[in-house]
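Any read-out appearing in this document is the output of simple, stated calculations on the displayed coordinates, not a laboratory observation. Owing to the predicted nature of the structure, the values given are computational and were not obtained by experimental measurement. Here the Cβ is made from the backbone with ideal geometry for all residues, glycine too, and neighbour counts use every protein chain on show.
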Amino acid sequence: MEKIDKNIVIILASGSGSRFGASLPKQYCNLGGRPLLMRTIDRFAEVIPAENILIVIDSAMEGLWKSLCEKERFASPCVTFGGNTRTESLAKALSALAHCPDDTIVMIHDGARPLVSKDLIHRMASIPEGYEGAVPAVPVTDTLRHIEADGDSATVARSEYVAVQTPQSFTIGTLRKSFADYSRHSVTDDATMVQNVTGGKIALIDGEHGNIKVTNPIDMAIAETLLNLSQTTEDRPHC
């Protein structure tokens, strides 16, 4: 599989992980023998040069990150510090990439998604013509109900919905335009911000059900099982 050498990857990992319930943010907790964030970085480093990877962490975690890297003998990619929200953290990352031309394609990834595959990274390395960005998505398998203002609820057609993942891909010029006044917007993903500001279309690319986001302790257990399964599969001889 070819290397991706022209894209930039921003890995957002400055959240507090309050829902995880551990003494440390989840990105620094152990997944299969090493910190989860290192697992995420490793996935991208398999196909993208290390100098093209930027991680965003909380400035209060800088000392911890350095000590973990020393302990694991792990070469950290470039680091910048995040803000109080996801949008502020991404805006700070864009400032750190001020040297990049506007047509550079940037993939934005959640640090808490450590199982992203090389195939998915390659699928997200380009943006289809006519779109402002691209996001991976998977079909919804659970029944969904919409909660009304009065507390009542009704089932909706799940075939009309998808679950969105990361990495999400945009040109850095589009991101600069979309996040120039980020404090006026409240969004949960980057594609929503881009669409709100530019009015452009977002392409849906096939995601992967195994590309889970670790939010709760049960997610960590699932991620470890999937990690072990993928390593076992890679170790099998190819006929």
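In a helix (DSSP H, G or I), surrounded by fewer than 20 Cβ atoms within 10 Å (Cβ to Cβ) and without any contact (Cβ under 8 Å) to a residue 60 or more places away in the chain, is that true of Glu88? Steps first, please.
Numbers: in a helix (DSSP H, G or I): yes; surrounded by fewer than 20 Cβ atoms within 10 Å (Cβ to Cβ): yes; without any contact (Cβ under 8 Å) to a residue 60 or more places away in the chain: no.
Here the answer is no, as Glu88 does not meet what is asked.
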- Of (1) aliphatic (A, V, I, L, M); (2) touching a residue at least 40 places away in the same chain (Cβ under 8 Å); (3) not in a loop (DSSP other than H, G, I, E, B), Ile222 satisfies every one except (2)
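Conditions tested, residue by residue: (1) in a loop (DSSP other than H, G, I, E, B); (2) within 19 Å of the chain's Cα centre (by Cα).
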| site | (1), (2) |
| --- | --- |
| Gln27 | no, yes |
| Cys69 | no, no |
| Phe74 | yes, no |
| Thr80 | no, yes |
| Val106 | no, yes |
| Leu115 | yes, yes |
- Query: Among the numbered criteria (1) of a type in the set (S, T, N, Q); (2) within 27 Å of Ala223 (Cα to Cα); (3) part of a strand (DSSP E or B), which single criterion is violated by Thr155?
  - Reply: (2)
